[in-house]
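Notes follow the structure.
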């Protein structure tokens, strides 16, 4: 049982004076301190959080509203800029960087009274599926400390699983919110591309990056989404929020169709995981949905497409980390060229360098058409197939990952094997549709997540299905 | 210096790339002020211009509006679909490590403009024009082991206009550069202040004795029309000299030394740089709808070539036309061409007004450096031409009255009365002048006798006396008639 009430109830009790923001923040900080051994957190923002908590309690004492998330503590992945706080993206090149401005997502949460208590570990620059690519340390899976928590939002997922806060923020570029949610057994939601402003979040691959939310229940995730969603004048790719909001979760599922994705089964995934997901699909019928099988023939190459487009964008987005204006700069460089090569050579970890090199290669003149352009063409084909599939079904269903949490070190010397951990999650990012991971049960004592997807902008319906499924799944 | 006869065997080919700073309030992708002219270094910089982690560009709609206007001004039409791309290279004045520009789908496609060189009209093709952000400014203090970067200019919206290699002489290159300037000013898309670098030219020059183009050099960042001309002249001479000595022309970037009046080698272009262009995923494509484009097209002002043809149909000389065309933008607040436009139907009146503007108004404003004079010129010239038509103003009187009124801050309510009071109106009342004539003839019997005996020179003396007595107010031609009448000739 969680020590936290549902987020809506927490906020209500804080507003009503039955709980205080100060007490909630202390509770979160104490839990973080008690669970240090799992290495989920890079930095706690104790003073900042306590100051905000006092201000919120004072607001309420003065008879004013402190917002829909009044006093609710949360943890942000360390690629979110939180004003005045260190922001590293778990990379040495950003060590010592204090955010001079703040992510819009954080801004919106704080405006409703939420309090950021800590920054969570991740694979550096969100490159990875295990947090092993963090330049600082690897986060441990609460179910088995010899296993990874998934990634790249591994720290955020573990923070939620260990009850450090009622919810955490992640990012999802190729599965980075859903896959760790699946590995630790919490809810991880990736909204429609553009639904939440990316402003103030360290970019990985801009065309697939979304802000994700992790919590114990879909209802909690929906409330957090409701606060963060909407068009933003600091991010030109944002879209309007659903005017009906996301918290109702009451969409009637009778007559709706869920498509079981054929290509995600029988292709080398753990048979026990496949069996659990198929049985979860059966249980889903209780909500009123019909389950059918659908085929998306281009899906098997989605991972290849992703690992061309994503490094291309990564190589471009990481250009600004050049040691000239902020973060790590080489002290031994004697000229500009050396300053660039040494700052980047020392500051970036192995995986960042690997992606920069792959990305630089696929964008080079002479290779652009064969790789980048071809990958974009296949991406368009994939989008068309999803659109086509969504003319016959309302949702898509499959596993989140082919396995349960793997052992620390099992994949770390084999980048291709590591990339395969994303094989079932990248498609939703390439297509820009919302997707969610909800706990479906355990295999050998380790959590397995069920992945549900919906058409673009059908976030509210997807959350409703997930919420209605939660009751019957575990 | 190579012999002119040998020089004549070479054909020069010139293409020009021009960077124009768009006249927006804020930068292309951030809400920071765009006018860096007097700002302290790095005072116009936000997290977006600085390339902070997590900062995203957001397109300035005003820049798109101005680019659409520029499309029409360049004899083109705006593209319904265009997009932004990233051009990658590392330099300290490029904070993101890439410049946001438009690579293969620019907002402005093919167009053409006409230039006028020594009375000959020529069409110069526009290949394309695209929007991009400017970089910051690097300075390298002499003798120091550091460089300085000012990011005020980083993110300033530019339009890069690429011409076809359609120019073949220094004069054509200069005329093209000047015509671009005029068009950007007429369309009001740029301040186009060359001194402040609002408009910069990259001049590509090659020479060849065959039908194939020669190897070209690109002389960058030229900021005056005169220098554009000089660069072409210098490069043509230099390249011919090199070729005549059997040497090759090296494809390279050159700079212009204005003090020494010569170009110099800056950077060899042996290997093309690989900028790894890719579509910018942070910026959705620009999709323009027909109604938006049509509305902007409808508000486009008349371009200089159209004005040239209208003014030459009035019979004005080329230099008069040039004065008016230039004054329209240099002294834009006076709206000279709009004044003329209103009377174009009446050729005599239009011509008279054009003369007043060219000979009196423009020189007066230039001389007195009147930057903003809220004077109702329409009322002024309506009154002056009315008085002239009624014979109440001599040409001298008209000039005096116009000059006098230009000097006043506000126009008098009754200009005719004002002219009268100032003594600028000529007397056309026969009775009054006849009285003076009578007196003059009586007082100058000798002159009168001379006139009578056919010595017509003397009539000038008598008219002069009439003018003197009437304190210059008499209509001189009427005075002459009346003198003749008085003397019965």
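The values are calculated or read from the model by the stated rules, or taken from the named source; none is laboratory data. Since the structure is predicted, the reported quantities are computational estimates derived from the model, not experimental observations. Note that each Cβ is placed from the backbone with ideal geometry, even for glycine, and that neighbours are counted across all protein chains shown.
Before we move on, is residue A:264 surrounded by 18 or more Cβ atoms within 10 Å (Cβ to Cβ), under 23 Å from residue B:276 (Cβ atoms) and out of contact with any helix residue (DSSP H, G or I) (no Cβ under 7 Å at 6 or more places or on another chain)?
Numbers: surrounded by 18 or more Cβ atoms within 10 Å (Cβ to Cβ): yes; under 23 Å from residue B:276 (Cβ atoms): no; out of contact with any helix residue (DSSP H, G or I) (no Cβ under 7 Å at 6 or more places or on another chain): yes.
Taking the combined requirement at face value, the residue does not satisfy it.
Can you name every residue in the range A:345-354 that is in contact (Cβ under 8 Å) with a residue 24 or more places away in the chain and either within 14 Å of another protein chain (Cβ to nearest Cβ) or surrounded by fewer than 19 Cβ atoms within 10 Å (Cβ to Cβ) (or both)? Don't jump to the end; show me each part of the working.
The initial filter retains those residues of the range A:345-354 that are in contact (Cβ under 8 Å) with a residue 24 or more places away in the chain, namely A:346-352, A:354.
Result: A:346, A:347, A:348, A:350, A:352, A:354.
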Quick one: in the range A:437-456, which of the residues that are farther than 13 Å from residue A:399 by Cβ and in contact with a helix residue (DSSP H, G or I) (Cβ under 6 Å, 6 or more places away or on another chain) is surrounded by the most Cβ atoms within 10 Å (Cβ to Cβ)?
A:454
Filtering the range B:49-63 down to residues that are out of contact with any strand residue (DSSP E or B) (no Cβ under 6 Å at 6 or more places or on another chain) and either more than 26 Å from residue A:201 (Cα to Cα) or away from chain A (no Cβ under 14 Å) (or both) yields B:62
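Could we say that residue B:352 is assigned to a helix (DSSP H, G or I), in contact with a helix residue (DSSP H, G or I) (Cβ under 8 Å, 6 or more places away or on another chain) and without any contact (Cβ under 8 Å) to a residue 60 or more places away in the chain here? If you could, list the steps in order and put the result at the bottom.
Values: assigned to a helix (DSSP H, G or I): yes; in contact with a helix residue (DSSP H, G or I) (Cβ under 8 Å, 6 or more places away or on another chain): yes; without any contact (Cβ under 8 Å) to a residue 60 or more places away in the chain: yes.
Spelling it out, residue B:352 is indeed assigned to a helix (DSSP H, G or I), in contact with a helix residue (DSSP H, G or I) (Cβ under 8 Å, 6 or more places away or on another chain) and without any contact (Cβ under 8 Å) to a residue 60 or more places away in the chain.
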Within the range A:324-344, can you find the residues that are within 29 Å of the chain's Cα centre (by Cα) and either surrounded by 21 or more Cβ atoms within 10 Å (Cβ to Cβ) or away from chain B (no Cβ under 13 Å) (or both)?
A:327, A:343, A:344
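Considering each of A:248, A:222, A:244 in turn, give the residue that is surrounded by fewer than 22 Cβ atoms within 10 Å (Cβ to Cβ) and within 24 Å of residue A:185 (Cα to Cα). Talk me through it step by step, then tell me what you get.
Numbers: A:222 fails: surrounded by fewer than 22 Cβ atoms within 10 Å (Cβ to Cβ); A:244 fails: within 24 Å of residue A:185 (Cα to Cα).
Every option except A:248 fails the conditions.
Could you pull out every one of the strands (runs of 3 or more DSSP E) wholly within the range B:125-215 that has 1 or more residues that are farther than 30 Å from residue A:339 by Cα and in contact with a strand residue (DSSP E or B) (Cβ under 7 Å, 6 or more places away or on another chain)? Quick ask: steps written out before the conclusion?
Numbers: elements: B:137-139, B:148-150, B:157-163, B:199-208.
Answer list for the range B:125-215: B:157-163, B:199-208.
Looking at the range B:88-103, which of its residues are more than 16 Å from residue B:28 (Cα to Cα) and either touching a residue at least 24 places away in the same chain (Cβ under 8 Å) or not assigned by TED's automatic domain parsing to the domain that holds residue B:160 (or both)?
Step one: list which residues in the range B:88-103 are more than 16 Å from residue B:28 (Cα to Cα), which gives B:88-93, B:97, B:103.
Residues satisfying the conditions are B:88, B:89, B:91, B:92, B:93, B:97, B:103.
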Looking at the structure I just gave you, is residue B:329 in a helix (DSSP H, G or I), touching a residue at least 40 places away in the same chain (Cβ under 8 Å) and more than 24 Å from residue B:393 (Cα to Cα)?
yes
Please tell me if residue A:95 is within 13 Å of chain B (Cβ to nearest Cβ), under 30 Å from residue A:413 (Cβ atoms) and surrounded by fewer than 24 Cβ atoms within 10 Å (Cβ to Cβ).
yes
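Quick one: would you say residue B:145 is crowded, with 17+ Cβ neighbours inside 10 Å, more than 30 Å from residue B:312 (Cα to Cα) and out of contact with any helix residue (DSSP H, G or I) (no Cβ under 8 Å at 6 or more places or on another chain)? Talk me through it step by step, then tell me what you get.
Values: crowded, with 17+ Cβ neighbours inside 10 Å: no; more than 30 Å from residue B:312 (Cα to Cα): yes; out of contact with any helix residue (DSSP H, G or I) (no Cβ under 8 Å at 6 or more places or on another chain): yes.
In short, no.
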Restrict the check to the range A:244-252 and report whether at least one residue is over 28 Å from residue A:10 (Cβ atoms), over 12 Å from the mean Cα position of the chain (by Cα) and within 14 Å of chain B (Cβ to nearest Cβ).
no
For residue A:105, are the conditions met, namely being in a helix (DSSP H, G or I), within 14 Å of another protein chain (Cβ to nearest Cβ) and surrounded by 24 or more Cβ atoms within 10 Å (Cβ to Cβ)?
yes
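Only one residue in B:409, B:398 is assigned to a loop (DSSP other than H, G, I, E, B) and under 29 Å from the mean Cα position of the chain (by Cα), so which one is that? Working first, answer last.
Details: B:398 fails: assigned to a loop (DSSP other than H, G, I, E, B).
Being assigned to a loop (DSSP other than H, G, I, E, B) and under 29 Å from the mean Cα position of the chain (by Cα) holds for just one of B:409, B:398, which is B:409.
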Among the numbered criteria (1) more than 14 Å from every other protein chain (Cβ to nearest Cβ); (2) surrounded by fewer than 17 Cβ atoms within 10 Å (Cβ to Cβ); (3) out of contact with any strand residue (DSSP E or B) (no Cβ under 7 Å at 6 or more places or on another chain), which single criterion is violated by residue A:407?
(3)
Could you figure out which of (1) facing another protein chain (nearest Cβ under 9 Å); (2) surrounded by 24 or more Cβ atoms within 10 Å (Cβ to Cβ); (3) assigned to a loop (DSSP other than H, G, I, E, B) isn't true of residue B:46?
(2)
Of the residues A:416, A:430, A:450, which is over 18 Å from residue A:254 (Cα atoms) and part of a strand (DSSP E or B)?
A:450
Test set (1) without any contact (Cβ under 8 Å) to a residue 24 or more places away in the chain; (2) within 20 Å of the chain's Cα centre (by Cα); (3) surrounded by 15 or more Cβ atoms within 10 Å (Cβ to Cβ) - residue B:382 fails condition number
(2)
